[in-house]
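> Got a structure for you, written out below as C-alpha cells; questions coming shortly.
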Amino acid sequence: MTKIELPKEVAELYRIVEKLEAQYPGRKFTLDGHLVGSIGEVIAERVFDLKLYPPSNPIHDGRTPEGKEVQIKLTGGKKIGLREEPNFLLVLRIVDPTHAEVVYNGPGLVPWNSANKMQKNGQRSLSLTKLKMFNEKVSEKNRIR
C-alpha cells in the first residue's frame, strides 16, 4: 500500500483523539462526517494533483489534470459508503495519527457493482477488504497518478 503523510494539523487532530480515548476508556472520539470527507479531499488534492469541485458536488469530488472525474473517500474504519457509481474512486484509510494509505485507486464500476444493496440512508456499503482485493487488479494506466 502507498503510505501518505498527513498534514501536521490533521495529524494533530488524530493525536488528540488518541489522547481522549486513552483518558476516557470505553469512549470513542471518532472523527467523521464532513470533517473526514474534507480531510480526504484536501489530501487527495495535494498528493494526486486534483482540482477539487465545490463542496457537496454530486458524485465526484474533483478531477485530474487529464480530466478524469474522481470520488474521494477517507475512513478510519473498515468500510465506505457509495451513493452513486463514480467514474474513478480513490479510497484512503487513516493508519495512524500521521499517515493514511491508499486502499483503492481505480475505476468506480467494479466497486459499485460489488457494493451491498442500497440502505435506508441512500448508501451502498463496501468493505475495505474487498477494495484492497480489487485494487491489486487495477492496471497502472487505470489509476489516478
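The values are calculated or read from the model by the stated rules, or taken from the named source; none is laboratory data. Computed from a predicted structure; not experimentally measured. Neighbour counts run over all protein chains shown; Cβ positions are idealised from the backbone, glycine included. Calculation scope for accessible area: heavy atoms of the full protein, side chains included, ligands and nucleic acids excluded. Shrake-Rupley method; radii C 1.70, N 1.55, O 1.52, S 1.80 Å.
> Need pairs with beta-carbon distance below 7 Å; first residue within 18 Å of Lys68 (Cβ to Cβ) and within the range 126-145, second part of a loop (DSSP other than H, G, I, E, B); sequence gap 6+ or separate chains.
If the second residue must be part of a loop (DSSP other than H, G, I, E, B), the pairs left are Ile144/Thr64; Ile144/Lys68.
> With the checklist (1) of a type outside the set (Val, Ile, Thr); (2) over 13 Å from the mean Cα position of the chain (by Cα); (3) modelled with pLDDT under 95 in hand, flag the one item His34 doesn't pass.
Against the list (1) of a type outside the set (Val, Ile, Thr); (2) over 13 Å from the mean Cα position of the chain (by Cα); (3) modelled with pLDDT under 95, His34 comes up short only on (2).
> Oh, and also: Which condition from (1) touching a Leu at 6+ places or on another chain (Cβ under 7 Å); (2) of a type in the set (S, T, N, Q); (3) under 30 Å from Glu18 (Cα atoms) is the one that Ser114 breaks?
Ser114 satisfies every listed condition except (3).
> Sticking with this one: Among the residues of the range 21-29, is there at least one that is on the phi > 0 side of the Ramachandran plot and either in contact with a Phe, Trp or Tyr (Cβ under 7 Å, 6 or more places away or on another chain) or not β-branched (Val, Ile, Thr) (or both)?
Initially, the range 21-29 is screened for residues on the phi > 0 side of the Ramachandran plot, giving 26.
Remaining after also requiring either in contact with a Phe, Trp or Tyr (Cβ under 7 Å, 6 or more places away or on another chain) or not β-branched (Val, Ile, Thr) (or both): 26.
Yes, that holds for at least one residue.
> What do you reckon, is Glu9 at pLDDT below 95 and not polar (S, T, N, Q)?
Details: at pLDDT below 95: yes; not polar (S, T, N, Q): yes.
Judged against the criteria, Glu9 is a match.
> Could I ask something else about it? Given Lys120, Lys137, which one is at pLDDT below 95, over 16 Å from the mean Cα position of the chain (by Cα) and among the charged types (D, E, K, R)? Full working, then the answer.
Values: Lys137 fails: at pLDDT below 95.
Lys120 is the lone residue from the list that is at pLDDT below 95, over 16 Å from the mean Cα position of the chain (by Cα) and among the charged types (D, E, K, R).
> Separate question: Run down Leu74, Leu31, Leu35 and say which single residue is within 26 Å of Gly122 (Cα to Cα) and assigned to a strand (DSSP E or B). If you could, list the steps in order and put the result at the bottom.
Details: Leu31 fails: assigned to a strand (DSSP E or B); Leu35 fails: assigned to a strand (DSSP E or B).
Exactly one of Leu74, Leu31, Leu35 is within 26 Å of Gly122 (Cα to Cα) and assigned to a strand (DSSP E or B), namely Leu74.
> Could you list, in sequence order, all residues of the range 47-73 that are open to solvent by 50 Å² or more (accessible area, probe 1.4 Å), over 19 Å from Leu109 (Cα atoms) and within 14 Å of the chain's Cα centre (by Cα)?
Val47
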